[in-house]
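Enquirer: Before anything else, here's the structure in question.
The values are calculated or read from the model by the stated rules, or taken from the named source; none is laboratory data. This is a predicted model, so every value here is computed, not measured. A quick note on method: Cβ atoms are made from the backbone with ideal geometry, for glycine too, and the neighbour counts reach across all protein chains shown.
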Amino acid sequence: MISFFTFLSVVAYQLFSTQAVTTIDIRNNCPFTVWAAAIPGGGRRLDYGGKWTLQPSNGPNGKRIWGRTNCNFDASGRGQCQTGDCNGVLECLAPPYWEKTEFTLKVT
């Protein structure tokens, strides 16, 4: 299986403003479609060059992010992915047992 960082080429930027807002940009730099997933956050289709911006909340709960490939979803968001599938749904509610990146952000 290709490493999460290899096939998704995640670029995560933590931008802190005076209100302590953090954003994470997930960008697909691969020549094929990647279906990004995050908890909390759900999931998105990212074609080449596509970007998904998340605003995680600060606190003790982390953010889990991973990539999925070769996915097919119907209009209701039900389907399946060859890698990184999360129980057959586009909007992930629980992480699969795949490679992922986790972030816990705390503002002090």
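Enquirer: Filter region 63-90 down to residues that are touching a residue at least 12 places away in the same chain (Cβ under 8 Å), assigned to a strand (DSSP E or B) and of a type in the set (G, A, S), then give me how many there are.
Expert: Result for region 63-90: 1.
Enquirer: Would you confirm whether any residue within region 51-62 is modelled with pLDDT of 90 or more and either farther than 12 Å from I26 by Cα or not β-branched (V, I, T) (or both)? Give the derivation first.
Expert: Within region 51-62, the subset modelled with pLDDT of 90 or more is 51-53.
This time we only want the ones that are either farther than 12 Å from I26 by Cα or not β-branched (V, I, T) (or both), so: 51-52.
Checking region 51-62: at least one residue is modelled with pLDDT of 90 or more and either farther than 12 Å from I26 by Cα or not β-branched (V, I, T) (or both).
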